[in-house]
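Below is one structure, written out as structure tokens; comments come after it.
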Amino acid sequence: LAHVFSSFDSRTGGPNAAATSPGLGPLPFVTWTDPLEQAFSINVPKGWEVFGGQHSITATDSRAEVMMIADSSAIALQFGQTQFGSFIEPVRTAYGGIQSGYYRLGDGTQLFVSRYLPGEQFGKFYLERVPQRCTNVRITGSRPRPDLLPRFLQVVQRAGMQLGPQVDLGEVGFSCTSGTQSLVGSYVAATTLVATNSSRSGMGGAIWTPAYFSGYLTVPEMASEAAKISEAVLGSLSINARWMQQRNAAAQAAVMQDTLRSQQLQAQVLSQIAKTQREVSDTITQGYWQRSRVYDEISRKRENAILGTVDVVNPATGARFKLENSSNFYWMNDQGYKAGTLTHTSPGAGWTEMLVLP
């Protein structure tokens with residue numbers, strides 16, 4: 001892409017002479033269908049090079065990105081992005097505020113920990129962290145775009161997509177160079193915030209995601225043309241209803257499987273406690289379930305993933321500990337000392353293996 005931009009010169013004719021006109025003229029569109037999963041279709045300018053599609057990373061993480069390059073090489077459009085999936089806000093715990101890291105779901109999905117960013121700020125976030133197709137990138141301006149919200153919601157409703165109660169659109173402009181050629185670009189982003197039980201209680205942890213992302217990179221005299229084409233592409237988005245149903249079913253199954261596994265392992269812990277110390281099992285069980293009612297299980301998993309800790313239970317006493325997640329197996333001796341090992345080998349006589357909660 002850098003090569004074709006560096007070859008564009010508005011002062012000369014040759015293979016790119018068509019792009020020297022005031023505009024591209026009447027631009028016919030054709031329907032382009034996602035070749036990877038047949039998840040969606042959009043209208044793209046006829047004759048342009050188009051590549052990309054839908055990328056399902058896990059059962060609960062699917063991202064789309066499509067690149068379109070004009071036959072004159074004067075405009076490159078981007079629809080969607082695959083660098084970032086969903087985010088989760090920092091969680092306030094007894095250990096203090098959590099400001100960075102990842103929270104891993106049971107199906108392997110990683111949620112990046114970050115405060116909520118409206119569309120305008122997410123555009124800057126993306127531009128500052130993702131390498132661009134040019135050098136000397138400089139942000140030239142940004143602004144919220146509430147004027148785009150009604151049209152965006154119409155597209156979302158027609159496509160059958162679900163959004164959270166809060167949606168924010170914004171735009172960020174930038175300039176850069178490719179060889180000796182000066183280029184300009186713009187990204188329009190929409191982010192949506194979904195409140196969870198923990199966030200409603202004031203603990204933080206709300207989920208948010210980039211619901212829409214598009215942009216262009218072009219020579220300065222074609223910026224207006226590129227913006228119009230980008231808007232036309234957005235308006236043509238059509239989601240495959242069958243694909244959407246399959247994705248939703250797969251996501252629900254993954255969540256249910258992770259929840260069931262967690263419940264089963266917790267039941268095994270309680271059963272082991274009952275076998276080794278029946279007299280105190282009722283007290284332990286009551287204490288355990290009381291803690292479960294107070295501390296949401298999802299918040300516990302999120303806290304461990306971000307802090308790099310793990311919850312373990314001594315099956316002989318029912319005592320529960322939070323340890324650094326740096327070992328595969330955890331042990332405790334009669335004096336109350338705790339140790340971790342990478343292999344299933346006891347540190348010595350008098351050590352009891354502890355059970356790890358998921």
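Things to note:
- Scan the stretch 204-221 for residues that are part of a strand (DSSP E or B) and either touching a Leu at 6+ places or on another chain (Cβ under 8 Å) or basic (Lys, Arg) (or both) and the total you get is 9.
- Each residue in the stretch 327-347 was checked for being in contact (Cβ under 8 Å) with a residue 12 or more places away in the chain, open to solvent by less than 30 Å² (accessible area, probe 1.4 Å) and in a loop (DSSP other than H, G, I, E, B), and 1 of them qualify.
- Some residue of the stretch 194-212 being more than 28 Å from Ile88 (Cα to Cα) and either at pLDDT 95 or above or surrounded by 23 or more Cβ atoms within 10 Å (Cβ to Cβ) (or both): no
- Residues in the stretch 178-192 that are aliphatic (A, V, I, L, M), under 20 Å from Arg143 (Cβ atoms) and buried (at least 21 other Cβ atoms within 10 Å of the Cβ): Val188, Ala189, Ala190.
- If the condition is being open to solvent by 10 Å² or more (accessible area, probe 1.4 Å), over 18 Å from Ser114 (Cα atoms) and at pLDDT below 90, then the stretch 73-89 contributes only Ser73.
- Pairs are defined by a Cβ separation below 8 Å, a sequence spacing of at least 6 or placement on different chains, a first member in the stretch 52-63 that is open to solvent by 30 Å² or more (accessible area, probe 1.4 Å), and a second member that is of a type in the set (Lys, Arg); the pairs so defined are His55/Arg63; Ser56/Arg247; Ile57/Arg63; Ser62/Arg247.
- Taking the conditions (1) open to solvent by 40 Å² or more (accessible area, probe 1.4 Å); (2) part of a strand (DSSP E or B); (3) touching a residue at least 60 places away in the same chain (Cβ under 8 Å) in turn, Glu37 satisfies each one other than (2).
- Filtering the stretch 202-245 to residues that are farther than 20 Å from Met68 by Cα and of a type outside the set (Gly, Ala, Ser) leaves Met203, Ile207, Trp208, Thr209, Pro210, Asn240, Arg242, Trp243, Met244, Gln245.
The values are calculated or read from the model by the stated rules, or taken from the named source; none is laboratory data. Since the model is a prediction, treat every value here as computed from it, not as a measurement. Because the Cβ atoms are built from the backbone with ideal geometry, glycine has one as well, and the counts that use them run over all protein chains shown. These area figures cover heavy atoms from the full protein model, side chains too; ligands, DNA and RNA do not enter into them. Shrake-Rupley method; radii C 1.70, N 1.55, O 1.52, S 1.80 Å.
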